[in-house]
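Read through the structure below, which is laid out as structure tokens, and then see the notes.
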Amino acid sequence: VEQCLYGLLLKSANEIGNALAEHVSGSVSGFAALMNEKAVQLGCKGTHFTNPHGLNDSEHYTTPYDMALIGRAAFQNETLCKIDTTTIYRFPATKNAESKTISMGHKMLYSTDSRYYEGIIGGKTGYTSLAGNTLVTGAERNGVRLVAVVMKSRSTHYEDTKALLDYGFAVMEKAGAQ
């Protein structure tokens, strides 16, 4: 399961999302029902899931606010944050395959990348033809934790996320100074 989570979170391996869903609840639809229950518990009001990976489905939808609620809950999980901030992971060799190395898709985690952002505690990239680029990112600085959500972007998701986080940290710093 841990190796599956690395594949799912670092590379958006949708087939792994389906496999984990079947492992947890016996079916993709059964897992989607659990996701919907959890979304309601978190206070989501504009979300309905039909699958664990977010691929296009007319009955699968959410809002930036709801994704922020989900992200806030997810970033409280230390194991998720550990996996979600790993930039390179090596799957061990098996009887049928050599070891394989994968890298994180979220560019704000790489200190050598111009999009790097200090304090990232986790995040998830996404893309579908209907949703465009999506990005949910958690960051923490000076004891302040923020979640930024960008949806329906056309390749500005990293700069938009940076702007949201910079704004949020500036507001919190100013509020703390008063």
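The values are calculated or read from the model by the stated rules, or taken from the named source; none is laboratory data. The structure presented is a predicted model; accordingly, all values stated were derived computationally and were not measured. Counting neighbours? That spans all protein chains shown, and the Cβs are built from the backbone with ideal geometry, glycine included. Accessible surface areas use protein heavy atoms only, side chains included; no ligands, DNA or RNA. Shrake-Rupley method; radii C 1.70, N 1.55, O 1.52, S 1.80 Å.
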Inter-centroid distance (Cα atoms) of the stretch 59-74 relative to the stretch 122-145, Å: 11
Between Lys45 and Gln3, 0.36 nm times their residue separation minus their Cα-Cα distance comes to what? 11.9 nm
Loop GluC sites (Glu not before Pro), the stretch 118-178, which have at most 11 other Cβ atoms in a 10 Å radius of their Cβ (DSSP): Glu118
Sort Cys4, Cys44 by accessible area with a 1.4 Å probe, largest first. Cys4, Cys44
Backbone HN-Hα couplings from phi across the stretch 81-86 [Karplus 6.51/-1.76/1.60, Hz, Gly and Pro as x]: 5, 4, 5, 6, 10, 7
Unit charges at the beta carbon, dipole of the chain: most positive-side option, Phe169, Ala32, Leu80: Phe169
Residue-ordered couplings for the stretch 151-162, obtained by feeding phi - 60° into the Karplus form 6.51 cos²θ - 1.76 cosθ + 1.60 and rounding to whole Hz (Gly and Pro as x), are 10, 6, 7, 10, 6, 10, 4, 6, 5, 5, 5, 4
Could you check how much of the accessible area of the chain is carbon and sulfur, as a whole percent, using a 1.4 Å probe? 54
Where only protein heavy atoms count, and the probe is 1.4 Å, what is the accessible area per residue for the chain in Å²? 59
Can you compute 3J(HN,Hα) from phi for each residue in the stretch 11-21, using the Karplus curve 6.51 cos²θ - 1.76 cosθ + 1.60 with θ = phi - 60°, rounded to whole Hz and x for Gly and Pro? 10, 6, 6, 4, 5, 5, x, 5, 5, 5, 4
Between rounded, prolate and oblate, where does the chain land on the alpha carbon gyration tensor, with a ≥ b ≥ c its root eigenvalues, rounded for a/c under 1.5, else prolate if a/b exceeds b/c? oblate
Could you tally the net charge around Asn133, taking each other residue with its Cβ under 15 Å from the Cβ of Asn133, Lys/Arg +1 and Asp/Glu -1? +4
Tell me, which longest segment in the chain has none of the trypsin sites (Lys or Arg not before Pro) that fall in DSSP loops with at most 12 further Cβ atoms within 10 Å? 96-153
If amide H atoms are modeled at 1.01 Å from N in the peptide plane, then the residues at a separation of 5 or more from Gly123, or on another chain, having amide H under 5 Å from its own are Gly138
Would you mind counting up the charge near Gln3? Only other residues with Cβ under 14 Å from its Cβ, with Lys and Arg at +1 and Asp and Glu at -1. +2
For the full complex of protein chains and a 1.4 angstrom probe, list Val144, Val150 by accessible area with the highest value first. Val144, Val150
